[in-house]
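Readers should treat all values here as calculations from the given coordinates under stated rules, not as data from a laboratory. Here the structure is a predicted model, which is why all the values come from computation and not from measurement. Don't worry about glycine lacking a Cβ; one is built from the backbone with ideal geometry, like all the others, and counts go over all protein chains shown.
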Amino acid sequence: MFSILGLGFLLVAGVFAGAVFMALRGSAQLDLARVIGDAGGAIAKAPLLFCGLAVVGGGLPIAAPSLLTLDVPLGSVNQAFGWSIGLGAMLAAFAWYQFFLLALIVATLAAFDGTPRLGSVLAVTLPLLPKAMLTSVLYWIGVGVGFSFVFVPGVILACIWILVLPALVEERAGVFAAFARARVLSRGARWQLFLLAVLGFVFGVVVQAMLGALAALLGGGVAAQVGFALASSLLGMVPPALVASAYRQIVTVREGPRRHELEEIFA
């Protein structure tokens, strides 16, 4: 048991060290410190908006598993109905989460050009939801198939396509055009993007563990569980903000400021 945990820890440490080494060797197309700073700055422009989207968007997916554990001991017909309700709850939770994930990306991109407002963020997000849902399904199918082939191809595809949702939002591209655009933008910066994903994953795991330990110390009561769920939901606003920040930085470095940014510079 301990030897397996030790090997797992060494593997994670080795992957992290390798990602750091390769990211530092690569071309400086992505400044990770600036990406993190820009993401934090975007959230700081409208903290209530970001926190609200994160909490509301993360609430239903956290509660969805409880819907699937309901027993329906009223015969096979009702059991089939229960399975239908469970499947519907899963689809609703996915659509709900996807909407708020997309809204956080929209809000982050809008924050780079001004102060995002809830109405305008939702007005941009809602029409893009069907394409975003299809994009996420295709993304995870592709990455999942890649993971089935000795793990590495899945990591590569995840890094190649990590910018697909910001490209979908910012450039109003079609689903497959967004995948192609993400592949082009990530070229030359994939090690930095991989390191950004690893840092985000490690940060999330560490903070989740700390929050879980704090909840356990407080007795694991209803208040502690609610606090843990809220804090965990707030963590959900960090990954989309980082991805949107990375997208905007790569586009700016390679292609220059976008037209509306130039208008602000020379205003």
Distance (nanometres) between label positions extended 7 Å along Cα→Cβ at Leu230 and Leu126: 2.8
Ordering of 159-172, 97-110, 183-196 by burial proxy (mean other Cβ atoms within 10 Å per residue, highest first): 97-110, 159-172, 183-196
Extension reserve of the Glu255-Phe94 stretch, reckoned as 0.36 nm per residue once the Cα distance is removed: 54.5 nm
Extension gain, Val202 back to Ala177 (0.36 nm per residue minus Cα-Cα distance, nm): 5.9 nm
Full-extension gain in nm, Val184 to Thr115, via 0.36 nm per residue minus C-alpha separation: 21.9 nm
